[in-house]
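Down below is the structure, laid out as structure tokens.
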């Protein structure tokens, strides 16, 4: 195999792998349901919350030793099948939601979502 064909093959493989990686990241969108939040009881620790929900999008310091963690997620509903193309003319709705966990001195005080 000549060097130009080898370079083209390497570029194609790199592109395919990077496409898989970005698709994996994009599809990691989790939905935080009521049953998930019900598992977060007052007194739970930060490690438990991270294990359940993953790293928060924001950690907001509050008064004293209190802290508010937030997660955002989107719910998408499409009408029709799936496609590989970027161009998409299917009607779809998307709603944004957030989940919150409040901590005091490293322990959960309450958890809720909008």
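Here are the numbers for this structure:
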item	result
Residues located in segment 91-114, provided they are in a loop (DSSP other than H, G, I, E, B) and either at pLDDT below 60 or touching a helix residue (DSSP H, G or I) at 6+ places or on another chain (Cβ under 7 Å) (or both)	106
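One line per residue, one yes/no per condition, for (1) in the same structural domain as residue 103 (by TED's automatic domain parsing); (2) exposed (fewer than 10 other Cβ atoms within 10 Å of the Cβ); (3) at pLDDT below 95; (4) on the phi < 0 side of the Ramachandran plot:
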{"site": "38", "(1), (2), (3), (4)": "yes, yes, yes, yes"}
{"site": "44", "(1), (2), (3), (4)": "yes, no, no, yes"}
{"site": "54", "(1), (2), (3), (4)": "yes, no, yes, no"}
{"site": "74", "(1), (2), (3), (4)": "yes, no, yes, yes"}
{"site": "82", "(1), (2), (3), (4)": "yes, yes, yes, yes"}
{"site": "89", "(1), (2), (3), (4)": "yes, yes, yes, yes"}
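The values are calculated or read from the model by the stated rules, or taken from the named source; none is laboratory data. Since this is a predicted model, take the numbers as computed values, not measurements. Heads up, the Cβs are rebuilt from the backbone with ideal geometry, glycines too, and the neighbour counts pull from every protein chain shown.
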